[in-house]
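Here's the structure we're looking at; comments come further down.
Quick note: the coordinates plus some simple rules give every number you see, no bench work behind them. All values derive from a computational prediction rather than experimental measurement. For neighbour counting, all protein chains shown are included, and Cβ atoms are generated from backbone atoms with ideal geometry for every residue, glycine included.
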Amino acid sequence: MDVELFIKQIINSLNTGSIYALVAIGYTMVYGIIRLINFAHGEIMMFGAYFAFIIATSIPVGLPFFVIVLVSMALAALMGILTEKIAYKKLRTAPRISALITAIGMSLFLQNLAQLIFGANPKVMPQVISNEPIMFGNIAVPQVMMYTISMSIGIMILLTLFVKKTRAGKAMRAVSQDKEAAMLMGININGIISLTFAIGSALGALGGIFYSIAYSQVYPTLGVMTGLKAFIAAVFGGIGNIGGAMIGGYAIGFIETMTKGYISSRWSDAIVFGVLILILLFKPSGILGKNVKEKV
Amino acid sequence: MKKLLVLALTLSTVFLLSACGSSVDSVKLGVIGPLTGDYSMYGLAVENGAKLAADEINAAGGVLGLDLEIIAYDSKGDPTEGVNAYNRLRDEDEIDALIGGTFSGVTLAIKELAKEDNMPVLTPTATNPDVTLEAGNVFRACYTDSYQGTVAAVFANESTEIGASKAAVLYNRDDAYSEGLAMAFIAEFETRGTVVETLTFGAGDDDYSSVLDVIAASDAEVVFLPGYVAEVGAILTQADNKAIDIPFVGGDGWDGIEADYASVAEGNYFGNHYAKSDEAQVVVDFVANYEASFGDSPNALAALAYDAVYAMVAAMEDAESTDADLIIAALAGLDYQNAVTGSIRFDANGDPIKSITMIQIVSGEHLVIDKVEGS
């Protein structure tokens, strides 16, 4: 076995896994708070990538990478809050299926909106991160992968601390446990839901930006397959559980990359989805999910 | 209702007859292509290329002492529209030969009709292998997909620039074009060396990092990557990010890659019908005249249509007639040397045996490396 190749594939896995994990967190946080599978999340990711594309191409002075990322994330967060206020808020008490259908509608709407604004052809993402790889002995690691992996892990640690240690994080956990009780305790539910959408959307946008830089293109359906795989990652880890989404993201990234590298790229999707079915057969609530008894 | 129908029929007969009456003093070539809609860029290039050739021929005295006339109709890229256009060209305009259809699908739809009519057909751009099969009257000016793959293998193995004996192949398994080129490349290269890795990607893939690392870890000296600009550009970008310095070779789907991906495509090779930067006199003149007439630079389709008209006229001159049987026989024996897209001879099927221009991307420009002919 070629050790060097194996290490490279591990790095590739960490890279795709980081992107899936970032996007999966958005699915899982929103589900945790309002029990909605937000299918438009993949489209927020796509818009995040377009925001970065617009900022990087329209402003002539080469802005530093972090500025581009922060502005795009802020715009995506705003977009996430708006979709919730416009499309989902009224449906909070409606049957879950109505909200789900609305989310699918929102997803298609945003996709078509992007197509209308930007056209269907892929746009070439400018190289905002140097394309000079960093050498570790014989192993060349693209700089964009270094950024993706390190920033994703850093942000996930910050997010965990935020949810565990801060007042807002505590409120978020309270709302996810019992909305009515949290409201009685004086928690501003609308504010917390908006905050959840904002954080999830910003992380999704970050995933989209890394995705479009690493793979050099932005296009209106960019969020569809990646969004679906990130959703699988969230279910895999136990939907509603942030740590689970991270583990799920890296697991899916690992399975996919290793299949492409050692079996055949023809099989990668089949194996990813097959593993999902197996996990759900033996542990229906996902790896870290808890079996919550429905109240009758 | 019935009366109306009779009236309409009578009127159309009158128009038909009058159309026939006005056409004795010119040789007519029909052109069919998508002139409107999403694919109009292809059809218009073919129409322009054909018209440019006709203008030049007329200025030089015409064909058989008569004027050459190009009549172009729109197929919208749709086989049914293509058949309508063909019927109109045959019945109303009484064309002597057909240059078209531009698309394989349209050409296949016209093929059976043209066979019954014994119409000489020379399609500039239909690459599907079935187009010329079992139809003695149908020829094409472009090479087929598999021919491109074969020539790429010859180039990868024999050229001094690459001279590889070990190759890796990476193709799009969801695309018949990409797969066709890859299969032909593998078949030819295996007779000369070894294909050490054959890898695929799917239409929806964006992440090529793991397959690229597999290629980098193999001892391949060249990578054959048949595909279109969007996917090839993404793959070359990721290869560049990983500092993989094995040369990549592609087919005519790479045409235009320098627009968005000049830096990552730098130093790589692809085969095309012709190169704008070719210094052969016929190419220089063609590019200059085309730009003067139409204001933009000609793509490969325009060059092929231009050559197709010249080849058809050469066959008519050889036959000394516009009689269909004589033209077809002359096309079968044609050896037209002075073409923009390389010399044109036809094999038994009516497919061209011609050289492919191998191009290297150097500083964002097309540098002609070699002209390679498959065996």
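One table, with the values for the structure above:
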quantity	calculated
For the range B:284-375: rounded, prolate or oblate by the Cα gyration tensor [a/c cutoff 1.5]	oblate
Those lysines that a straight Cα-Cα span of less than 26 Å connects to B:Lys51, excepting residues fewer than 8 apart in one chain	B:Lys28, B:Lys76, B:Lys111, B:Lys115, B:Lys276, B:Lys354
Kirkwood Rh in Å, taken over the range B:90-193 so that all alpha-carbon pairs contribute	15.5 Å
Value of relative contact order over the range A:52-164, rounded to a whole percent, pairs C-alpha under 8 Å and six or more apart	19 percent
Mean Cα-pair separation over length for the range A:3-282, i.e. relative contact order, pairs under 8 Å, 6 or more apart, %	40 percent
Chain lengthening between A:Tyr262 and A:Ile287 when straightened (0.36 nm per residue, less Cα-Cα)	6.5 nm
Chain B, relative contact order [Cα under 8 Å, separation at least 6], %	17 percent
B:Ala324-B:Asp245 FRET efficiency (beta carbon distance; Förster radius 45 Å; 0.05 resolution)	0.25
C-alpha center-to-center spacing [the range A:225-283, the range A:102-175] in angstrom	18 Å
Whether the range A:1-86 is rounded, prolate or oblate, judged on the alpha carbon gyration tensor where a/c under 1.5 counts as rounded	oblate
Estimated D of the range A:192-245 in µm² per second, where Rh is the Kirkwood radius over Cα pairs and Stokes-Einstein applies at 4 °C, 1.567 mPa s	106 µm²/s
Kirkwood Rh and Cα Rg combined as Rg over Rh, evaluated for the range A:3-282	0.97
Computed P(r) (all Cα pairs; chain B; 10 Å bins; percent)	5, 23, 31, 22, 12, 5, 2, 0
Residues B:Glu365 and A:Phe6, FRET efficiency given R0 of 51 Å [Cβ-Cβ distance, rounded to 0.05]	0.80
Most mobile of B:Gly333, B:Gly33, B:Gly271 in a GNM of chain B (Cα contacts under 10 Å)	B:Gly333
Rounded, prolate or oblate (a/c below 1.5 giving rounded, otherwise prolate when a/b exceeds b/c) for the range B:171-243 by Cα gyration tensor	oblate
Rule-of-thumb Rg ratio for the protein assembly as shown [Cα; 2.2 N^0.38 Å; N residues]	1.15
Cβ-Cβ FRET estimate between B:Thr191 and B:Ala348, R0 fixed at 25 Å, reported to 0.05	0.65
Peptide B:234-241 - average C-beta neighbours from other chains (10 Å radius)	6
Cα pair distances exceeding 15 angstrom across the range B:25-92, given as percent	54 percent
Whole-angstrom gap from the range B:257-292 to the range B:199-225, using each part's C-alpha centre	27 Å
